[in-house]
1. Please pick out the residue among 104, 94 that is free of Cβ contacts under 8 Å to residues at least 60 places away in the same chain and either within 16 Å of the chain's Cα centre (by Cα) or part of a strand (DSSP E or B) (or both).
2. Return the total of residues in the range 53-84 being closer than 27 Å to residue 219 by Cβ and assigned to a loop (DSSP other than H, G, I, E, B).
3. In this structure, does residue 204 turn out to be assigned to a strand (DSSP E or B) and assigned by TED's automatic domain parsing to the domain that holds residue 113?
4. Condition first: part of a helix (DSSP H, G or I) and either modelled with pLDDT of 95 or more or under 15 Å from residue 180 (Cβ atoms) (or both). Can you find one or more residues in the range 121-131 that meet it?
5. Name the pairs: first residue in the range 145-160 and outside the structural domain of residue 218 (by TED's automatic domain parsing), second residue surrounded by 24 or more Cβ atoms within 10 Å (Cβ to Cβ) and part of a loop (DSSP other than H, G, I, E, B), Cβ to Cβ under 8 Å, at least 6 apart or on different chains?
């Protein structure tokens, strides 16, 4: 479905996508048309070359944060990112009036591919944190403090805009704002890559938790990724690409 969605966004391609996502004759013809328009081998299959070109041309969702928070939510977390996700940025926690409550260093790079060694993209499991708008909620701490830290975490629940709308939680789940007890690490060093989450320093996660409690946000019992999510999310997460810097 991801490849079909990306093809739909190409100016060379139009077709009807089946509800179950099967690779139909219409999809094959659309793929052929796309390959022909881009002067690559016309295999009618979404092969490696075609997939890489699709991702290069259409991976970025052009999502832009609008500087607001929808009514009914108690907080918003905004995280700007670069195409090179190893570049750490500054995230911001806002209240429902869009007043800045805290800023924190954020890292949104996921894992590397086992074969190529290259970073996994945001459509892949354990890849970079997806850009876009999602609902967000405060959960009790994970059961692995080494990987997730000893504090409550914030969980992306449902994608609303951008790539997040495609993958959360239909394809990817368990995208959190959290920390860890990382051996031999200190705040002067880059944080380790996550499995698709947003990492920040332990002190930041503790402070964010306390600030949210002060706003009246409830700590939901951690679902550990179980779907459907049983609670009404109390916050919003906005992840915006701000530059192609590599």
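The values are calculated or read from the model by the stated rules, or taken from the named source; none is laboratory data. Here the structure is a predicted model, which means the values were calculated and not measured. Here the Cβ positions follow ideal geometry from the backbone for every residue, glycine too, while neighbour counts run over all protein chains shown.
1. 94
2. 8
3. No.
4. Looking for residues that are part of a helix (DSSP H, G or I) and either modelled with pLDDT of 95 or more or under 15 Å from residue 180 (Cβ atoms) (or both), one finds none in the range 121-131, hence no.
5. none
Here's the yes/no breakdown for (1) out of contact with any helix residue (DSSP H, G or I) (no Cβ under 8 Å at 6 or more places or on another chain); (2) closer than 15 Å to residue 233 by Cβ; (3) surrounded by 24 or more Cβ atoms within 10 Å (Cβ to Cβ):
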| site | (1), (2), (3) |
| --- | --- |
| 129 | yes, no, yes |
| 135 | yes, yes, no |
| 139 | yes, yes, no |
| 147 | yes, no, no |
| 160 | yes, yes, no |
| 171 | no, no, no |
| 184 | yes, no, no |
